[in-house]
Amino acid sequence: MLENQRIRLRALETTDVDKLFVWENNRENWRVSQTVTPYSRHVLIDYVNSVSDVFSDKQLRLVIEENDSGEAIGTADIFDCDFKNKRAGIGILIADSEKRGRGFASEVMEILLPYCFKTLSLHQIYCSILSDNPQSIKLFEKFGFQKIGVKKEWTFYEGKFYDEILMQKFQVD
């Protein structure tokens, strides 16, 4: 089980569709997901029912759930999985702004990194973070990610361009 005292990371269930509907259609999240159109419940149901295996799908979305309440508070994504070259991207969404800044993302990292390196046998993990998100940059630096590049004016959102910082972490043997 992917969990600690406070949270668990679990597979998507069809009961998550209503939360996913809200999170995926929140325009504030679109600037990092590159989404420009809303998702229907039908599309999300199809997605939840279609994901089966990280090795065949090349991606894995996990729900972040508080142990005490059972409340889903966000998602952790492993994507762009390239098992030949032993690398993947990761992303974390703490969906409710009231839950942010309370250590949940750090706890996700404490669970997710060993899973990626040990269970999935990855050699490296990367992430892309918009330059105006210092909390995320600090989080990934705390876990040993290094800035390896900047994509200048990479993301256009609501009339403004944002730089995107590429960060990378290698497995330490």
Contact order normalised by residue count of the chain, Cα under 8 Å, 6+ apart, percent: 17 percent
GNM flexibility winner over the chain from Ser128, Ser52, Ser97 (Cα, springs under 10 Å): Ser97
Dipole axis of segment 1-155 (+1 Lys, Arg; -1 Asp, Glu on Cβ), positive-most option in Val63, Ala105, Met1: Ala105
Residues His123, His42, sorted so that the one with the fewest Cβ neighbours within 10 Å comes first: His42, His123
Residue-span extension gain [Lys142 to Asp96] - 0.36 nm each, minus C-alpha spacing: 14.3 nm
From phi via Karplus (6.51, -1.76, 1.60), per-residue ³J(HN,Hα) for segment 59-76 in Hz, x at Gly/Pro: 7, 8, 10, 10, 8, 8, 10, 6, 5, 5, 9, x, 6, 7, 10, x, 9, 10
Cα centroid separation, segment 1-63 to segment 129-161 (Å): 22 Å
Simple Cβ-charge dipole of segment 2-170, Lys/Arg +1 and Asp/Glu -1, about Cα centre, in debye nearest 20: 640 debye
Cβ-Cβ FRET estimate between Gln135 and Ser50, R0 fixed at 22 Å, reported to 0.05: 0.10
Trypsin sites (Lys or Arg not before Pro) within segment 69-108, DSSP loop, no more than 11 other Cβ atoms inside 10 Å: Lys84
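Where a number appears in this text, it was derived from the coordinates with a stated rule and is not lab data. Note that the structure is a prediction, hence the values are computed from the model and not measured. All Cβ positions, glycine included, derive from the backbone under ideal geometry; neighbour counts span all protein chains shown.
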